[in-house]
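These notes are about the structure you will find just below.
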Amino acid sequence: MSENGPLDPARDARSVGELLLDADLRARSALWDPDPDQAKASVRAWNEVVDAAAQSWSTIPDREQDPTMERIHARARAGFVRQQRAGWPGGGDGDPLLEAAAASLSRAGELVSARRHPTAPLSELGHLDAQAARTRMMHTVYVASHAVALSLDLHIRELQHRVDARRRIPAGDSTVHARAARDLATSIERLAGTYLDSRWPVALTGEQRDPPTVARLQQAIVRWEVQAHRSLAGEASTASLLLVAATQRDLTRTAAIVGAAQQTQTGRQLTLDQARVAAALTDLDESWGQVREDLTRLRPMHVRPGGGLLLAGNEVRAAMREITHDATGLDAPAAMAARVDLEATVRVLHRSVAASPDLAQAVNEALQDPQLTVSARGAHAVATEHLGAPKAAPWVDPTDVATRREVALPQPVRTVLVSHAERVVAAARVADSAAGAVQEAKALAGSSEPRPLDGRRHRDRTPPSFTGPGSGYGCER
């Protein structure tokens, strides 16, 4: 497989639990910012989520033989058949977040089927783990259904405004079919909610997890950095750039979270260098977040990152989550410390911060590629937000915006993106310098050798007094 080829599931090293957690968190991300423009894409991907959840559910033994997922799948399939007959939402791309959730659910089901004999007896611990897995799957369906219902509700309101204003509804849209899909998603959400009422999050306590290791995180980060540089050195797409920005932001945020957890556990007051690291990581987090937000809008719906980059990103994200997350979300500092050596983890994460200036510069250079293409609608939105309404010609051809075409990155938008990327480069250098100072101070603190005078201490010393001008005074040449 080429570095930018299709995703090869066999190379995905994540466990069943990590795949199910990933699916759940992807569905939650889709819920945070429902987009009426992606309502039909959400419906397409939501059908995949329900189908994948039902298929994976059937691979996990269930002593109770609960029929809820079977009922949900039957309703969803019937609704899908009606949608096909009506030609709505029609063919096209699905929502990337929900598609990723469906892929993780499918992969989890494949792993269970391959590793467990269907008639093998289930131990008590295995029964609790199976309950936790089914609860996680159902929660993914529940959240995804709610996200789709919200997106459709906003979409219906926009269509109704057009009708009320006696304007034409765009071809392929339908308030009737959109309402039917919203009602279906709402009914499935209620069914899933009924199942979860007595199980979420109590059942997740039975989830069996392997203890995390710092070595896995270190290997995942190295693999990620190599793959990211390879992908950006080739024909980088907006999808690849988006994945790099999102993953680097996750790494930055994790470094801040683990650093704060370590500080909480030691109970010591922040040193000047540690406070500088915290401030630098916050600035870097915000800088990567701005680039991620820009690229999210600019990425054409059908564009996906290369398989190698996606696998590396998935692995580094799973390695971070097993340290920082419990069954339902971000864990407490004491729990993180009980699972892994926080000081060693901070060192590894600070080394990843040290590599971030190079990746930030690679993103900056890729954004200046004249062959880079983006969504016309997204380019117009980014330009209008950061540059205001155009004084003369529109930022993007209105026809391209109306037909949702993919266009070459307009120069005004490129200027905005490059300025945001340059801020990332500057913030990454500051974070690298601050993290390096902390690690140097720790290394010297554990040594009996006298600490050498570094640049910072030299700068902070009181200047020596002198009574006359230096030897070069008055020489301007």
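Would it be correct to say that T247 is in contact with an Asp or Glu (Cβ under 6 Å, 6 or more places away or on another chain) and touching a residue at least 12 places away in the same chain (Cβ under 8 Å)? So T247 does not fit the description; no. If a residue has to be among the β-branched types (V, I, T), open to solvent by 60 Å² or more (accessible area, probe 1.4 Å) and assigned to a helix (DSSP H, G or I) to count, how many in the range 245-290 make the cut? Total meeting the criteria: 3.
Scoring T59 on the criteria (1) out of contact with any Gly (no Cβ under 6 Å at 6 or more places or on another chain); (2) outside any helix (DSSP H, G or I); (3) more than 30 Å from A228 (Cβ to Cβ) leaves a single failure, condition (1). Mind listing whichever residues of the range 67-81 are touching a residue at least 12 places away in the same chain (Cβ under 8 Å), among the β-branched types (V, I, T) and either closer than 15 Å to W46 by Cα or outside any helix (DSSP H, G or I) (or both)? If the condition is that a residue be touching a residue at least 12 places away in the same chain (Cβ under 8 Å), among the β-branched types (V, I, T) and either closer than 15 Å to W46 by Cα or outside any helix (DSSP H, G or I) (or both), then I72 is the only one that fits.
Matching residues to (1) under 21 Å from T205 (Cα atoms); (2) outside any helix (DSSP H, G or I); (3) modelled with pLDDT of 95 or more:
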{"position": "R14", "(1), (2), (3)": "yes, yes, no"}
{"position": "P34", "(1), (2), (3)": "no, yes, no"}
{"position": "D37", "(1), (2), (3)": "no, no, no"}
{"position": "S42", "(1), (2), (3)": "no, no, yes"}
{"position": "A45", "(1), (2), (3)": "no, no, yes"}
{"position": "A52", "(1), (2), (3)": "no, no, yes"}
{"position": "R85", "(1), (2), (3)": "no, no, no"}
{"position": "G94", "(1), (2), (3)": "no, yes, no"}
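Being open to solvent by 40 Å² or more (accessible area, probe 1.4 Å) and not in a loop (DSSP other than H, G, I, E, B) is the filter here; which residues of the range 154-169 pass it? Those that are open to solvent by 40 Å² or more (accessible area, probe 1.4 Å) and not in a loop (DSSP other than H, G, I, E, B): L154, R157, E158, Q160, H161, R162, V163, D164. When restricted to residues that are more than 14 Å from H146 (Cβ to Cβ) and in a helix (DSSP H, G or I), the range 170-193 contains 6.
Within the range 321-397, considering only helices (runs of 4 or more DSSP H) that don't extend past its boundaries, which have at least 1 residues that are aliphatic (A, V, I, L, M), touching a Lys or Arg at 6+ places or on another chain (Cβ under 7 Å) and open to solvent by 10 Å² or more (accessible area, probe 1.4 Å)? Step through it out loud before you land on a result.
On the way: elements: 333-339, 342-367, 376-387.
Correct list: 376-387.
Counting residues in the range 121-143 that are within 20 Å of E70 (Cα to Cα), touching a residue at least 24 places away in the same chain (Cβ under 8 Å), surrounded by fewer than 16 Cβ atoms within 10 Å (Cβ to Cβ) and not polar (S, T, N, Q) gives one or more. Of all the residues in the range 31-66, those that are of a type in the set (D, E) and free of Cβ contacts under 8 Å to residues at least 24 places away in the same chain number 2.
The values are calculated or read from the model by the stated rules, or taken from the named source; none is laboratory data. Fair warning: this is a prediction, and the values are worked out from it, not measured in the lab. Methodologically, a virtual Cβ is constructed for each residue, glycine included, from the backbone with ideal geometry; neighbour enumeration extends over all protein chains shown. Please note that ligands, DNA and RNA were not included when accessible areas were found on the heavy atoms of the full protein model with its side chains. Shrake-Rupley method; radii C 1.70, N 1.55, O 1.52, S 1.80 Å.
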